[in-house]
1. Within the range 40-56, track down each residue that is over 21 Å from L90 (Cβ atoms) and free of Cβ contacts under 8 Å to residues at least 12 places away in the same chain.
2. Can you pull out every residue in the range 10-22 that is of a type in the set (D, E, K, R) and either modelled with pLDDT under 95 or under 26 Å from V38 (Cβ atoms) (or both)?
3. With respect to T69, determine if the residue is within 20 Å of D10 (Cβ to Cβ) and either surrounded by 12 or more Cβ atoms within 10 Å (Cβ to Cβ) or among the polar types (S, T, N, Q) (or both).
4. If you scan the range 41-63, which residues turn out to be loosely packed, with under 13 Cβ neighbours inside 10 Å and among the polar types (S, T, N, Q)?
5. What number goes with the only condition from (1) of a type outside the set (S, T, Y); (2) at pLDDT 95 or above; (3) in contact with a Lys or Arg (Cβ under 6 Å, 6 or more places away or on another chain) that V65 does not pass?
6. Could you list all residues from the range 66-86 that are of a type in the set (A, V, I, L, M, F, W, C) and without any contact (Cβ under 8 Å) to a residue 12 or more places away in the chain?
7. Between H26, H63, which is over 23 Å from R92 (Cα atoms) and in contact (Cβ under 8 Å) with a residue 60 or more places away in the chain?
Amino acid sequence: MTGYANTKKDLLKRLRRAEGQVRGIHRMVEEDTYCIDVLTQVSAATKALETVALSLLNDHLMHCVAEATAEGGTVAEEKLQEASAAIARLVRS
C-alpha cells in the first residue's frame, strides 16, 4: 500500500486541476496572450504542483518513513536518505 492511499482522491483532483491549468497556459501562448498573464498562470500551476508534492512528501514521511523507522536498521536509514534527497529536489526546483 502506498503512503498516499488515503489522499489519492484529493491528489488526483489536484493533478487534474493542474493539468487543466497547463492546458490553459498552452492555449494562452497559442493565442499570443500578454506575457505577464501567462506568467501568472504558470505561477498558479507551479503552486498547484508544489501542493501535490508537499502532500506526497508528508504522506511518505508519515507512512513509509515512519514504518521503516519503527523497523530500524538499514531500511530506516535508506528511507530517511530517500526522503532527504526528495526534499532537496523540491527545494532546488
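The values are calculated or read from the model by the stated rules, or taken from the named source; none is laboratory data. It should be emphasised that the depicted structure is a prediction, and the values quoted were computed from it without experimental measurement. Here Cβ is always computed from backbone atoms with ideal geometry, including for glycine, and neighbour counts include all displayed protein chains.
1. Result: T40, single match.
2. Within the range 10-22, K13, R14, R16, R17, E19 meet the criteria.
3. no
4. S43
5. Condition not satisfied by V65: (2).
6. Within the range 66-86, A66, A70, V75, A76, A85 qualify.
7. Among H26, H63, only H63 is over 23 Å from R92 (Cα atoms) and in contact (Cβ under 8 Å) with a residue 60 or more places away in the chain.
Matching residues to (1) under 17 Å from the mean Cα position of the chain (by Cα); (2) of a type outside the set (K, R):
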position	(1), (2)
K9	yes, no
Q21	yes, yes
V42	yes, yes
M62	yes, yes
A70	no, yes
A76	no, yes
